[in-house]
Amino acid sequence: MRLDRKHLLGMDGVTREEITTILNTARSFREILERPIKRVPTLQGKTVVNLFFEPSTRTRISFELAEKRLSADIINFTAAASSVKKGETLIDTVRNIEAMKIDMVVVRHSSPGAPHLLTRVVDANVINAGDGGHEHPTQALLDMMTIREKLGRLQDITVALVGDISHSRVAMSNIYGLRTMGARVLVCGPSTLIPKDIERLGVEVYYNVDEVIPQADVLNILRLQLERQRQGLFPSLREYHNYFGITRERLEKATRTLLIMHPGPMNRGVEISSDVADSEHSVILEQVTYGVAVRMAVLYLLAGGKSEIN
Amino acid sequence: MKLTKTVIISRKAYQSVPRRLLLKNARIIDPSRDVDMRGDIVIQDGVITQVGQVNEAAFEGRIIDLTGKVVSPGWMDMHTHLREPGREDEETIESGMLAAANGGFTTVCCMPNTQPPIDTQEIIQYIKDRSRNALVDVHPIAAITKGREGKELTEILELVEQGAVAISDDGSPVMSAEMMRRALEYSRMVDVPVIGHEEDITMTEGGDINEGYTSTCLGLGGIPTVAEDIMVARDIMLAEYTGARFHVAHLSSGKSVELVRQAKAKGIRVTAEATPHHFSLTEEAVRSFDTNTKMNPPLRTEADRRALLEGLKDGTIEVIATDHAPHSWEEKEAEYQRAPFGIIGLETALGVSLTHLYHTGVLTLVQIIEKFAVNPYRILNLPIPGIQPDVPANLTVFDPEAEWQVKEERFLSKSSNSPFIGHRLKGKPFLVINNHQLFFSTL
Ligand SMILES: [Zn+2]
């Protein structure tokens with residue numbers, strides 16, 4: 001199977017077949033990562049630019065490692081969007097970079113749609129590595145890979161996304177991807193952090209974590225941006241933790257073994273307690289490993305590769 | 001992509017009206033005089049001398065055959081942003097007038113959010129000087145508060161005496177209820193409407209598009225309809241309390257349409273306008289992340305759009321106005337959140353209105369003409385241009401059946417920020433006549 005698309009801008013509109021192709025390819029790459037020589041010549045001669053307008057050590061390192069394992073030439077461009085000097089726009093920056101004849105762009109930006117804007121000005125393949133509160137497709141893919149590897153399937157699994165759904169690109173991409181794969185998706189958080197009309201995406205909304213835990217196979221705990229308190233969206237970290245924080249005590253209400261996921265970086269003691277983060281249920285470190293494999297798969301497939309690799 | 005537009009900003013595009021001109025075989029619609037007939041119009045020295053059947057063979061002078069076309073009183077856009085003074089790179093008074101004429105308008109009212117704003121006599125005078133002797137009449141709308149800061153009233157009596165036809169802080173709401181109350185009370189002395197940009201900005205900070213399903217999907221900041229409704233409700237109450245005239249700019253929320261309808265039923269002196277983009281597009285258009293879908297108020301839902309159509313139909317909304325807001329290509333070709341709000345509208349208003357209101361059976365041509373060429377004049381206390389002998393010719397001619405595609409390079413506005421580029425429309429401006437000049441549309 002090949003991937004019949006030029007860009008990966010989001011999980012919205014990505015088909016079941018495409019997701020399956022990416023996850024199968026990622027599994028092959030994961031096996032390569034277990035070998036003593038972890039490098040394959042797949043992207044030899046291709047140049048990939050990592051364009052990070054927002055600080056994100058984890059995602060950038062994960063992409064960079066994936067690119068290195070595929071033998072790509074790498075250019076890193078890191079700048080806070082706010083520090084892009086006055087008068088020089090995203091477009092200018094990208095045009096300059098494109099003059100260097102690049103093949104692929106991995107972009108992280110605080111503004112939704114920034115990757116879409118890039119596709120209008122550059123010829124290269126564009127991979128969205130997170131655009132504001134819109135989408136973060138490779139995170140959703142690595143989350144789905146983690147679930148599939150651990151539970152064997154995605155169909156009919158119940159996944160609960162807990163926390164700030166309103167501002168979460170991780171939540172959005174997971175919702176699109178999981179719903180496409182036939183999973184049941186619950187979202188749970190303070191009502192001020194659940195966006196309007198989210199039910200229309202086929203998810204169920206809960207405001208009580210204790211109702212969610214007994215139904216779930218997977219808890220994907222989202223990072224709480226502390227600035228939301230200043231915006232008046234919840235009253236205190238204390239109350240947030242008491243009502244929505246995932247603690248060992250709460251998990252005792254689980255009716256089956258739960259997978260605990262978190263896209264990182266964690267606020268320990270806020271959305272997740274340390275004993276949960278470090279517990280046997282936690283697959284947070286596996287997520288990091290699968291992240292590299294999934295990103296290798298996406299880079300490889302967008303560059304025109306087939307899913308069978310060796 | 002950026003186009004290098006060769007804008008003909010030159011008076012050459014305008015022609016002076018021939019000493020004797022015969023407009024032949026037109027459908028003549030003049031709603032304020034209950035006229036809807038087929039016939040001819042003779043114009044001599046810029047003044048209409050005859051309306052009816054004219055013997056072509058006996059006529060000496062220029063003849064323009066208008067078979068299939070409609071002649072109406074000159075259209076007005078009562079909500080235009082000319083960017084002069086301040087942002088002449090985006091629009092000047094001259095280029096704005098040209099865009100207006102090209103789009104079938106003979107009058108525009110310019111909003112005061114220029115730099116500096118229209119809050120002194122000097123700026124009023126400047127605008128009048130810059131638009132003197134032009135085909136298009138330009139009427140300034142003065143700011144309600146000095147610097148549009150919402151703190152102190154402008155010298156409203158004097159500004160109106162100098163030529164301001166209304167007052168508005170458009171672009172910003174008057175957030176203080178007390179200030180709005182005083183503005184309404186004070187303006188009542190000269191009986192000009194206070195035009196409200198209705199938005200509770202404490203609820204819209206960080207907003208980019210309508211709050212709802214689309215903003216959820218796209219992760220863009222939400223601008224809820226209730227932020228508009230709250231202000232419309234407040235200002236209706238203030239209008240009732242003060243007895244002053246209140247005009248709602250660019251209605252976009254269905255709930256606000258209902259509020260205006262109820263207020264009218266109670267006899268409160270409220271009028272309202274809607275823009276062509278709000279009654280023809282919805283938030284769905286934002287999915288492309290095209291920044292030409294970003295304006296304030298934002299595109300709303302299909303239910304809101306239908307409520308606007310209903311309001312236009314039953315007369316709750318008596319004016320169609322463009323909210324023509326030119327922005328440079330450099331500013332619009334940016335990240336969605338960073339791009340400024342606003343789209344141009346002067347050159348697409350007629351086509352969009354006929355396509356989405358007339359050809360869909362929502363309004364008749366007579367009703368559309370009322371909303372462009374009768375009601376705005378009435379609201380602003382200006383004489384309604386008529387099609388009758390001894391009246392200076394102030395006319396808009398359009399072809400209601402002509403199909404065309406909106407092309408960026410045809411715009412005469414200095415800016416091209418339109419979501420309608422590429423759209424196929426039915427109904428096209430043909431010609432405008434005013435102040436002894438005529439202009440054939442180049443769209
Ligand atoms: Zn406004």
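Brief remarks on what is shown
- Size descriptors for region B:33-120: radius of gyration and Dmax over Cα atoms are 18.4, 55 Å.
- Between region B:16-91 and region B:393-424, the alpha-carbon center distance in angstrom: 18 Å
- Residues whose amide H falls under 5 Å from that of B:Ile48, counting only those 5 or more places apart or on a different chain, are B:Asp390, B:Val391, B:Ala393, with hydrogens built in the peptide plane.
- Sorting the segments B:35-44, B:222-231, A:278-287 by their mean number of nearby beta carbons within 10 angstrom, highest to lowest, gives B:222-231, B:35-44, A:278-287.
- Shielding of B:288-294 by partner chains, average beta-carbon count, 10 Å: 3
- The loop-placed trypsin sites (Lys or Arg not before Pro) in region B:196-290, going by DSSP, that have at most 11 neighbouring Cβ atoms within 10 Å of their Cβ come out as B:Lys266.
- What you get for the protein assembly as shown, charging only the Cβ of Lys and Arg (+1) and of Asp and Glu (-1), is a dipole of about 1700 debye around the Cα centre.
- Pairwise inverse Cα distances across the protein assembly as shown, averaged and inverted, put the Kirkwood hydrodynamic radius at 28.5 Å.
- Computed lengthening from B:Glu403 to B:Val190, 0.36 nm per intervening residue step minus Cα-Cα distance: 72.3 nm
- Between the amide H of B:Gly74 and those of B:Asn394, B:Leu395, B:Thr396, distances stay under 5 Å, these residues lying 5 or more places away or on another chain, with hydrogens modeled in the peptide plane.
- Solvent exposure ordering (accessible area, 1.4 Å, most first) of A:Leu186, A:Leu233: A:Leu233, A:Leu186
- Partners of B:Lys24 within straight-line reach, counting lysines whose Cα lies under 23 Å from its Cα and excluding those fewer than 8 residues away in the same chain: B:Lys69, B:Lys426, B:Lys428.
- Between region B:144-159 and region B:95-137, the Cα center-to-center distance that results, in Å: 19 Å
- DSSP-loop trypsin sites (Lys or Arg not before Pro) across region B:348-424, with at most 16 other Cβ within 10 angstrom: B:Lys407
- Look at the stretch A:154-162: the mean tally of other chain Cβ atoms within 10 Å of its residues' Cβ atoms is 0.
- Cα shape, region B:75-379, gyration tensor, a/c 1.5 rule: rounded
- B/A buried area, accessible surface, summed, 1.4 Å probe, Å²: 1800 Å²
- Cα long-axis angle, helix B:177-187 against chain B (0 to 90 degrees, to the nearest 10): 30 degrees
- Under 26 Å from B:Lys255, Cα to Cα: lysines that are on another chain or at least 8 residues apart: A:Lys196, B:Lys264, B:Lys266, B:Lys294, B:Lys313, B:Lys371
- Averaged over the residues of A:134-143, the number of partner chain Cβ atoms lying within 10 Å of the residue Cβ comes to 1.
- For B:Ala402, the amide hydrogen comes within under 5 Å of the amide hydrogens of B:Gly427, B:Lys428, counting only partners 5 or more places away or on other chains and with H modelled in the peptide plane.
- Cα gyration tensor shape of region A:221-303, rounded if a/c is under 1.5, else prolate or oblate by comparing a/b with b/c: oblate
- Spin-label model distance (nm) - A:Asp275 vs A:Val121, 7 Å beyond Cα toward Cβ: 5.2 nm
- Expressed per residue, the C-alpha convex hull volume of region A:162-310 stands at 136 Å³.
- Taking the Cα centre of region B:75-379 as reference, the dipole from Cβ charges on Lys and Arg (+1) and Asp and Glu (-1) amounts to some 880 debye.
- Highest mean packing first, where packing is the average number of other Cβ atoms within 10 Å per residue, the peptides A:206-215, A:167-176, A:98-107 line up as A:167-176, A:98-107, A:206-215.
- Solvent-accessible area assigned to carbon and sulfur over the protein assembly as shown amounts to 48 percent, based on a 1.4 Å probe.
- The ellipsoid that matches the Cα gyration tensor of chain A has semi-axes, each √(5λ) in whole angstrom, of 32, 23, 17, with the longest given first.
The values are calculated or read from the model by the stated rules, or taken from the named source; none is laboratory data. Quick caveat: nothing in here was measured; it's all calculated off a predicted structure. Virtual Cβ from ideal backbone geometry, glycine too; neighbours counted across all protein chains shown. Side chains are part of the model used for accessible areas, which takes the heavy atoms of the whole protein and leaves out ligands, DNA and RNA. Shrake-Rupley method; radii C 1.70, N 1.55, O 1.52, S 1.80 Å.
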